[in-house]
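Below: the structure, in structure tokens.
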Amino acid sequence: MLYICIHGTGNLAMEAVSGERNRERELYDDPPADQQQLVKRVPNHLRPLGADPLANMAPASDSKDYTAAQLAAVIEKEGLSKAHQQIELFACGAGMNDNAEQRAFEQQRVADQVREKFRHDVAAAAGLRQDAMLRLVGERLDEVAAIVRARHDRMDEAAALKRSFGERFFDALRGRGYVGVTVNAYRGDVKAGLVADVPGLAAAPFAVVSRDTTNNPNAPGMRVTYPLPLV
């Protein structure tokens, strides 16, 4: 078994997986002398209400993104035998095809994240100040909704993105001569850590988080194996 552990977005329309370690990091604008360090960047839609957008001051990436075709090319270049048969693709969302229900869930999830982030601030305000804060929250909601819609629009413009990253990776491998290979991918975020026994299933060393629910990877609907069975 070949295990590929790499970051995925966990969303539909995943165009690439990534090994980037600092894409979301940046320097403090004016850090104290003893704190010259990189810190985790806060997404703009979660910054304090009224704050200016945070400029991307991240250093150049020290790793790479890979489309499905590029990842297959790397596998071949690294010398994987054409007789190899099994690959576990541990990339969040790699088994997810386009569907209307998941699109709606993604829109709702980012909206809920914004509302929860500022819920206490809005509740603690009063009068005109609260009205102003609600308008700012509304602007953030419009912002994140537009980001998700843009990603979904790209799917509508590129038919290949309606298929999962895992399926595109499998097809790319087959095109490079891996005629007997199978690829396992997962419909959710792949998280390390033991998942306890559930009725009818043995404990597993990792979980699949789908729609904010932690699942055993052997639970129905979590794992997708390519090639897909004939129907």
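The values are calculated or read from the model by the stated rules, or taken from the named source; none is laboratory data. Keep in mind the model is a prediction, meaning the values are calculated, not measured. Cβ: placed from backbone, ideal geometry, glycine included. Neighbour counts: every protein chain shown. The protein model used for the area step is the full one, side chains on, heavy atoms only, and it has no ligands, DNA or RNA in it. Shrake-Rupley method; radii C 1.70, N 1.55, O 1.52, S 1.80 Å.
Numbers for the structure displayed
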item	result
Under 5 Å, built H, 5+ apart or other chain: amide partners of GLY188	GLY93, ALA94, GLY95
The stretch 81-98 - phi-based ³J(HN,Hα) in whole Hz, Karplus 6.51/-1.76/1.60, Gly and Pro as x	4, 5, 8, 4, 10, 10, 10, 9, 9, 8, 9, 4, x, 5, x, 9, 8, 5
The chain: most fluctuating residue of ALA207, ALA145, ALA68 per GNM, C-alpha cutoff 10 Å	ALA145
Within a Gaussian network of the chain (alpha carbon springs, distance under 10 Å), most fluctuating of ARG168, ARG211, ARG129	ARG129
Neighbour net charge for GLY180 - beta-carbon separation under 10 angstrom, K R +1, D E -1	+2
At least 24 Å along the helix axis (C-alpha) and Kyte average at least -1.0, DSSP helices within the chain	127-157
Label assignment, mean projected area of the Cα convex hull in nm² derived from the structure, set (1) 13.9; (2) 13.1; (3) 17.3	(3)
Per-pair calculated FRET efficiency, R0 = 25 Å: VAL198 and ARG109 via Cβ, rounded to 0.05	0.55
The chain: calculated mean residue ellipticity at 222 nm from DSSP helix runs of at least 4, using -39500 (n - 2.57)	-11500 deg cm²/dmol
With all protein chains modelled, accessible area of HIS120 [1.4 Å, Å²]	120 Å²
Candidates GLU76, GLU15, GLU116: whichever shows maximal mean-square fluctuation once the chain is modelled as a Gaussian network with Cα springs under 10 Å	GLU116
Solvent exposure of the stretch 84-204 as accessible area per residue, Å², 1.4 Å probe	53 Å²
Accessible carbon and sulfur surface of the chain relative to its total accessible area, %, 1.4 Å	53 percent
Selection of chymotrypsin sites (Phe, Trp or Tyr not before Pro), the stretch 123-225, meeting DSSP coil and at most 16 other Cβ within 10 Å	none
Accessible surface, 1.4 Å probe, highest first, among residues SER18, SER81	SER81, SER18
